[in-house]
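Asker: The structure's right below; bear with me while I get my questions together.
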Amino acid sequence: MTASTTSSKVRGDGRSDAEAEALLREHLEERLGAGAGRLQVVPLFGDASTRRYFRILGGGGRTGVVALYPEPFDPEKMPFLEVRALLEGYGLFVPKILDLDAARGLLVLEDLGDRTLQEVLREADPGDWAGLYREALGQLARLQHESAAGPQRASCFQIAFDIEKLSWELHYFLKHFVEGLRGADLTAEDRSTLAEAIHRLCAEIAGWPRVLCHRDFHSRNLMQHAGKLHWIDFQDARLGPATYDLASILRDSYVDLEDDFVAERAEEFRQRALPGESREVFRQRFELTCVQRNLKALGTFGYMATVRENPVYLQYVPRTLASARHNLLRHPELAGLHRTLARHVLELA
């Protein structure tokens, strides 16, 4: 996350930045009294959610990052806290909870800095990229192994990427990217063809064995801190195919990766996490998951641009379309989906 400038713009939760900062100031004054006046509060650019983020700076430097939710929450029923505890128990690196104020809807988290994996890769020698991805994928393999071996009572084990969820995401893509952002006028025949193709693809993916997924495992949600990659934005964790998080990071909207590099890292992951699955079955499942995941991401980018009036994600559209096209072309069973989409989104042709 990076610093932004304070403004009076009203966000998705109906509060201006100034109102949100005032709420945080109330919390600090309640906790610290007069000492709160010595702290600086810096708004941060967040993610595509309705949460706000602030960095708290004191005399000794950074003291924490505040996640401000749009409404009060019950700590006992909060997915972020529940999943964080699970991940920490699995031996994964996650931010510490420094404080919480449920009535005001805020969490004070350990400040992991600003070095996302995306930023680290920009600065790193290309020869070091493989090691960074091996670290990330080693952690992902650990998630899948540890979560399968332990108790599965948490709420994230009760929800899954089933046909309904996967299909909803692709219809969201049609609504907010194909129609919303690109202004396509889909015919009744187009809609019928797309609905049938979406159902077939999602039924296929939903039928595979499930593991616990981060659900948004990409280079902007991994932070390099104290020499280790730390996980953030994991509150939407749920069950899904073993290739879901793999597709998220190896066909990442935010980083260009060569096809050979992707294939090598995917095969290393198969050997580590899924040694009993054949290369051909694994490759097919990985590529089909990439199609679903990339189209879903495009739906989010379209929504952010047209509904939330935030164009920042549009720069990532060309890369994501190229990735989707790459895998659509590799699978004849997706010909109907590909052909229909390509008539309205020329980059997919």
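Coordinate-derived values only; no laboratory data. Predicted model, so just to flag it, every value in this text is computed and none were measured. Cβ atoms come from the backbone with ideal geometry, glycine included; neighbour counts cover every protein chain shown.
Asker: Between Ser253, Ser192, Ser323, which gets the highest mean-square fluctuation from a Gaussian network model of the chain, Cα cutoff 10 Å?
Answerer: Between Ser253, Ser192, Ser323, it is Ser192 that shows the largest mean-square fluctuation.
Asker: Between the helical axis of 188-206 and the dominant principal axis of the chain, each derived from Cα atoms, what acute angle in degrees is found, rounded to the nearest 10?
Answerer: Roughly 70 degrees, rounded to the nearest 10.
Asker: Determine the relative contact order of the chain: mean sequence separation of Cα pairs under 8 Å and six or more apart, normalised by residue count, in whole percent.
Answerer: 16 percent
Asker: Amide H of Leu44 versus every other amide H placed in the peptide plane: which residues, excluding those fewer than 5 positions away on the same chain, fall under 5 Å?
Answerer: Ser4, Tyr53, Phe54, Arg55
Asker: I've got another one for you. So what is the 222 nm mean residue ellipticity for the chain from helices alone, if each DSSP H run of at least 4 adds -39500 (n - 2.57) and you divide by all residues, rounding to the nearest 500 deg cm²/dmol?
Answerer: -14500 deg cm²/dmol
Asker: So between His145 and Glu71, what do we pick up on full extension, going 0.36 nm a residue minus the alpha carbon distance?
Answerer: 23.2 nm
Asker: Could I ask something else about it? Please give every one of the aspartates and glutamates within straight-line cross-link reach of Lys96, meaning a C-alpha to C-alpha distance under 15 Å, and leave out same-chain neighbours fewer than 8 residues apart.
Answerer: By straight Cα distance, Lys96 reaches Glu82, Glu88, Glu110, Asp111, Asp233.
Asker: Let me ask something else. Within segment 134-173, find all residues whose amide N lies under 14 Å from a label point positioned 7 Å from the Cα of Ala184 along Cα-to-beta-carbon.
Answerer: Only 170-173 fall inside the zone, counting backbone N under 14 Å.
Asker: Which residue, chosen from Trp129, Ala324, Leu174, occupies the Cα position most advanced towards the positive end of the dipole of the chain, where the dipole is computed from +1 (Lys, Arg) and -1 (Asp, Glu) charges on Cβ about the Cα centre?
Answerer: Going by the charge dipole, the pick is Leu174.
Asker: Relative to the first principal axis of the alpha-carbon coordinates of the chain, what is the inclination of helix 129-149, with its axis defined by its Cα atoms, in degrees from 0 to 90 and to the nearest 10?
Answerer: On a 0 to 90 degree scale, this one is about 90.
Asker: Rounded to the nearest 20 Debye, what is the dipole magnitude of the chain about its Cα centre when Lys and Arg each give +1 and Asp and Glu each give -1 at the C-beta?
Answerer: For the chain, the charge dipole is close to 120 debye.
Asker: Right, here's the next one. Between Ser278 and Lys175, how high is the FRET efficiency from 1/(1 + (r/R0)^6) when r is the Cβ-Cβ distance and R₀ = 30 Å? Nearest 0.05.
Answerer: Efficiency, rounded to the nearest 0.05: 0.25.
Asker: Further, regarding this structure: Angle check, please: helix 259-273 long axis (alpha carbons) against the longest principal axis of the chain (alpha carbons), in degrees 0 to 90, nearest 10.
Answerer: Value to nearest ten degrees: 80.
Asker: Taking the Cα centre of segment 46-172 as origin, sum charge times position over the Cβ atoms of Lys and Arg (+1) and Asp and Glu (-1), and report the length of that vector in debye to the nearest 20.
Answerer: 140 debye
Asker: With springs connecting C-alpha atoms under 10 Å apart, model the chain as a Gaussian network and identify which of Arg238, Arg25, Arg251 has the largest mean-square fluctuation.
Answerer: Arg25
Asker: I would also like to ask the following. If I model a spin label as a point 7 Å beyond the Cα along the Cα-Cβ vector, how far apart are those points for Ala226 and Leu98 in nm?
Answerer: With each label point 7 Å from Cα toward Cβ, the separation is 1.3 nm.
Asker: Further question on the same structure: Which whole-number value in Å³ per residue fits the convex hull of the alpha carbons of segment 117-348?
Answerer: Normalising the Cα hull of segment 117-348 by residue number yields 128 Å³.
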